[in-house]
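**Q** I'd like to ask some things about the structure below.
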Ligand SMILES: *Cc1c(COP(=O)(O)O)cnc(C)c1O
């Protein structure tokens, strides 16, 4: 490979070199728990598969290359990755978090980690000055998702990372919605990047996984230790699935983005839709930031149907779009945040941050756009 290969090339080749033993083009799955050692303290770099496994090594090399990090560590799910990440902290440490995160993240923070003495503040990170105000003496991490889920608001990563650097606080970005193809948080000054590989990185809705990509070797070593110490690692079979899925990431994201723009425009002009949240629309509050910070707008869209009843009517009528949790698959997935991903927040919290009962979220897939639009149109007209 040349010195600076393009993104699509990296996705297909980084960590995915042909197998040196056989020439196999696809990375082999190594379903082994242990490894024969040559003598005391002599081995081929692998001792036990909780600590490391060759298929996992290849995936970690690949994802580190795509996010331009020093190293990556993969876990059994996105939540396991986030759990490992906050396990690097100590009792009494404080985190400043966005107030519109993936629902599972505040559930982990508030219902599990707060029992171990971690403290959390949830703020509107769309204004960088709010982050500065929320940082305390014991703040160790600023935890941001951009765009957010499901309100599609953006935070300025360059501005926030500048504040974090000044205050000596680590910036962690959950980059699941954009994938490294459209957004590169480490290049904008973030310290660590998290993904649920379950979503766009795998892309085929056939396996769970999570990754933390590290900007420093120190964090990479700590997380490798946590893989070994607590063991929530990704299995070699699932690593293979992500390695296979990620080969088409660039191609898929291009179509996701094209279809996403078309669906957002369609919904925006539809008489049954009250409003559309999508960073690619010129009336989106952070549209200018979106153009600066991301190289595409992606395929996540939230729109307002007006009521729970309307949302339910439409969701019962979709045929091509699959009504279910999750996102980022090749198939169009459609969901209802208030009762699904954000049900656990409670009505009061939802109202506070602006998640309504009529909101529907769509993860636009890579099917033919005419088929997606036709399905949405007939379902909306049934409302
Ligand atoms: C799905 C998701 C997670 C959690 O990942 P799992 O693989 O489901 O555990 C975290 N963050 C975001 C933004 C997600 O969409």
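The values are calculated or read from the model by the stated rules, or taken from the named source; none is laboratory data. Just so it is clear, the structure is predicted and the values come from calculations on it, not from any experiment. FYI the Cβ positions are ideal-geometry reconstructions off the backbone, even for glycines, and counts take in every protein chain you see.
**Q** State the number of residues belonging to segment 235-272 that are more than 20 Å from residue 365 (Cα to Cα) and touching a strand residue (DSSP E or B) at 6+ places or on another chain (Cβ under 8 Å).
**A** 1
**Q** On the given criteria, is residue 98 closer than 27 Å to residue 148 by Cα and in the same structural domain as residue 161 (by TED's automatic domain parsing)?
**A** The answer is yes for residue 98.
**Q** I'd like the residue in segment 91-109 that is closer than 26 Å to residue 234 by Cβ and more than 14 Å from the chain's Cα centre (by Cα) and, out of all such residues, is surrounded by the most Cβ atoms within 10 Å (Cβ to Cβ).
**A** 98
**Q** Next up: Given 119, 129, 145, 162, which one is within 30 Å of residue 336 (Cα to Cα) and either away from the ligand (no atom under 15 Å from the Cβ) or in the same structural domain as residue 293 (by TED's automatic domain parsing) (or both)?
**A** Checking each option against the conditions leaves just 119.
**Q** Do any strands (runs of 3 or more DSSP E) entirely within segment 296-383 hold 3 or more residues that are touching a residue at least 60 places away in the same chain (Cβ under 8 Å), and if so, which?
**A** Ranges flagged: 300-304, 359-363.
**Q** Only one of these is more than 16 Å from the ligand (Cβ to nearest atom) and over 29 Å from residue 247 (Cβ atoms): 319, 336. Name it.
**A** Of 319, 336, the one residue that is more than 16 Å from the ligand (Cβ to nearest atom) and over 29 Å from residue 247 (Cβ atoms) is 319.
**Q** Residues of segment 187-201 being within 16 Å of residue 164 (Cβ to Cβ) and within 16 Å of the ligand (Cβ to nearest atom), which ones?
**A** Of everything in segment 187-201, those that are within 16 Å of residue 164 (Cβ to Cβ) and within 16 Å of the ligand (Cβ to nearest atom) turn out to be 190, 192, 193, 194.
**Q** Filter segment 64-116 down to residues that are in a helix (DSSP H, G or I) and more than 14 Å from the ligand (Cβ to nearest atom), then give me how many there are.
**A** 9
**Q** At least 3 residues that are within 18 Å of residue 75 (Cα to Cα) in each: list the strands (runs of 3 or more DSSP E) lying fully within segment 129-219 that qualify.
**A** So the answer is 170-174, 192-196, 210-214.
**Q** Test residue 224 against the stated conditions and say whether it is part of a helix (DSSP H, G or I), crowded, with 16+ Cβ neighbours inside 10 Å and assigned by TED's automatic domain parsing to the domain that holds residue 372.
**A** Spelling it out, it is not the case that residue 224 is part of a helix (DSSP H, G or I), crowded, with 16+ Cβ neighbours inside 10 Å and assigned by TED's automatic domain parsing to the domain that holds residue 372.
**Q** I would also like to ask the following. For the structure I just gave you, tell me whether residue 42 is at pLDDT 95 or above and within 20 Å of residue 198 (Cα to Cα).
**A** No, not satisfied.
**Q** I would also like to ask the following. So which of 190, 232 ends up being in contact with a strand residue (DSSP E or B) (Cβ under 8 Å, 6 or more places away or on another chain) and more than 17 Å from residue 64 (Cβ to Cβ)?
**A** On inspection, the qualifying residue turns out to be 232.
**Q** Could you grab me the full set of residues in segment 202-218 that are out of contact with any strand residue (DSSP E or B) (no Cβ under 6 Å at 6 or more places or on another chain) and more than 9 Å from the ligand (Cβ to nearest atom)?
**A** 202, 203, 204, 205, 206, 207, 215, 216, 217, 218
**Q** Would you pick out the residues in segment 1-37 that are loosely packed, with under 12 Cβ neighbours inside 10 Å, over 17 Å from residue 68 (Cβ atoms) and at pLDDT 95 or above?
**A** Across segment 1-37, the qualifying residues are 22, 23, 24, 25, 33, 34, 36.
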